[in-house]
Amino acid sequence: MHCVRNLTEDTYWIGASDRRLALFENIFPIPRGVSYNSYVILDEKTVLLDTVDTAVSKQFFENLAYVLDGRNLDYLVINHMEPDHASMIEEVRLRYPDVTLVTTSKTVQIMKQFFGSADNDHVMLMKEGDVLSAGKHELHFVAAPMVHWPEVTVAYDSCTKALFSADAFGTFGALGGYIFNDEIDFDRDWLDDARRYYTNIVGKYGVQVQNVLKKADGLDIQMICPLHGPVWRNNLGYILDKYQKWSTYEPEEKGVVIAYASMYGNTANAADVLACRLAEAGVKNIRVYDVSNTHVSVLISEIFHYSHLVLAAPTYNSGIYPIMANLLEDMKALNVQNRTVGIMENGTWAATSGKQMRAKLEEMKNMTILDEKVTIKSALWEEPSGLVKRLAEDLC
Ligand code: FEO
């Protein structure tokens, strides 16, 4: 049975959700699942915008056949060639052999790499500024390189003022009937997943996201149709403001993430002592995480969210405790910057993790590393007064 919803009278959402997949990209836990969005425009010509992941292909083809209702498929626009959206391209071509692929030369190159196909028939190459006319609907193509792959385009329909935004403005989370932002409580139920999706998957490419946001600024956008998660049809300023902050690495709120690694509970105790003293001092938004049982994607998301960060870790094999070292590598890879960071180190005979964590943080841009370092020798026996005072001054 079809599972289709109208965006406008002749534009349709024909996506589907996967609630079985445990790890998106085989890395990111998605306990709330994920949706793969695909769209159809019915005009003088019929247009399909992107396909879906193999996992939801059956629902996708049922939806597509229902919407086409016997019409042929004229165009398949490929805005993004990553397999979670491109897996069904070859199957679409088999089922609708007259379809013309509308995409960029870079996409065709990547398509050959994935599919091994050298079939250039029925391909219409587009570049920035080109327009595909389906009748009254005209799709204007805008290049969005490295958001987050090199071939990405977004397409703006000047008829409905809808922006088909590829992965931009997407989020983890399966859609269940409701597909529009005004049908859900996004801020309460979806924002954390949207932030985790953006920061971990697109976070590295803030400059490129800024470039696209500047181009989008010149368009009268009334609807944003991403490849994952809800469609935005009102209150667009809300999500644009989040993207502005995330892509410029500015915190959304004042607050402190205390991320600790602890082998026997002593560094955990130090983190909790710090949190208690900060709470007593009136600091809001204190978030304490054990890096050993919190997925790194959650930590990255929270670090993007808040203004301050404290890293607390033992020294291990003369280095940084490995899970904390991994977090630091991920922070660097994802271009984390503009944060104020405190350090707590532990070591029974040679506490050097603090010095090494500082060196890693200094490889990142615009990080303010506090001098009020806390050194723990096995267990905390002194108040971390200096660090508490400094953080309280900043945050209260
Ligand atoms: Fe949702 Fe970059 O693929």
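Go through region 13-38 and report how many residues are among the small types (Gly, Ala, Ser) and more than 14 Å from the ligand (Cβ to nearest atom).
Here the count works out to 1.
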Given the conditions (1) touching a strand residue (DSSP E or B) at 6+ places or on another chain (Cβ under 6 Å); (2) without any contact (Cβ under 8 Å) to a residue 40 or more places away in the chain, every one holds for Asp98 apart from (1)
Within region 373-389, how many residues are more than 15 Å from Leu278 (Cα to Cα) and without any contact (Cβ under 8 Å) to a residue 24 or more places away in the chain? 2
Kindly evaluate Ala162 against the criterion of being farther than 13 Å from Pro230 by Cα and away from the ligand (no atom under 16 Å from the Cβ). yes
Kindly check whether there is at least one residue in region 378-394 that is on the phi < 0 side of the Ramachandran plot, surrounded by fewer than 16 Cβ atoms within 10 Å (Cβ to Cβ) and under 27 Å from the mean Cα position of the chain (by Cα). no
Every residue from region 280-329 that is buried (at least 24 other Cβ atoms within 10 Å of the Cβ), touching an Asp or Glu at 6+ places or on another chain (Cβ under 7 Å) and of a type in the set (A, V, I, L, M): Ala313
The condition of being out of contact with any Asp or Glu (no Cβ under 7 Å at 6 or more places or on another chain) and either within 16 Å of the ligand (Cβ to nearest atom) or of a type in the set (Asp, Glu) (or both) holds, among Asp84, Asp69, only for Asp69
Take residues that are surrounded by 19 or more Cβ atoms within 10 Å (Cβ to Cβ) and tell me which of the strands (runs of 3 or more DSSP E) falling wholly in region 86-150 contain 1 or more. 100-103, 131-133, 138-143
Given the criteria under 26 Å from Pro145 (Cα atoms) and crowded, with 17+ Cβ neighbours inside 10 Å, does Ser17 qualify? no
Just to verify a result, which residue in region 175-204, among those that are within 22 Å of Gln59 (Cα to Cα) and surrounded by 18 or more Cβ atoms within 10 Å (Cβ to Cβ), is nearest to the ligand (Cβ to nearest atom)? Leu175
Only unsatisfied item for Gly255, checking (1) within 20 Å of the chain's Cα centre (by Cα); (2) crowded, with 16+ Cβ neighbours inside 10 Å; (3) not β-branched (Val, Ile, Thr), is (1)
Sole exception among (1) on the phi < 0 side of the Ramachandran plot; (2) free of Cβ contacts under 8 Å to residues at least 60 places away in the same chain for Tyr243, by number: (2)
Does Leu213 fit the bill of being in contact (Cβ under 8 Å) with a residue 12 or more places away in the chain and within 24 Å of His2 (Cβ to Cβ)? no
Between Asp187, Asp167, which is at pLDDT 95 or above and either on the phi > 0 side of the Ramachandran plot or in a loop (DSSP other than H, G, I, E, B) (or both)? Asp167
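If you go through region 53-61 one residue at a time, do you hit one that is under 20 Å from the mean Cα position of the chain (by Cα), within 18 Å of Tyr178 (Cα to Cα) and β-branched (Val, Ile, Thr)?
Within region 53-61, none of the residues are under 20 Å from the mean Cα position of the chain (by Cα), within 18 Å of Tyr178 (Cα to Cα) and β-branched (Val, Ile, Thr).
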Please verify whether Ala333 is in contact with a Lys or Arg (Cβ under 9 Å, 6 or more places away or on another chain), at pLDDT 95 or above, under 26 Å from Thr248 (Cα atoms) and among the hydrophobic types (A, V, I, L, M, F, W, C), treating the condition exactly as stated. yes
Before we move on, is Gly354 in contact with a His (Cβ under 9 Å, 6 or more places away or on another chain) and crowded, with 21+ Cβ neighbours inside 10 Å? no
Take the conditions assigned to a loop (DSSP other than H, G, I, E, B), more than 16 Å from the ligand (Cβ to nearest atom) and either surrounded by fewer than 18 Cβ atoms within 10 Å (Cβ to Cβ) or of a type in the set (Phe, Trp, Tyr) (or both) and apply them to Asp220. Does it pass? yes
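The values are calculated or read from the model by the stated rules, or taken from the named source; none is laboratory data. Everything numeric in this text was worked out from a predicted model, so none of it was measured. All Cβ positions, glycine included, derive from the backbone under ideal geometry; neighbour counts span all protein chains shown.
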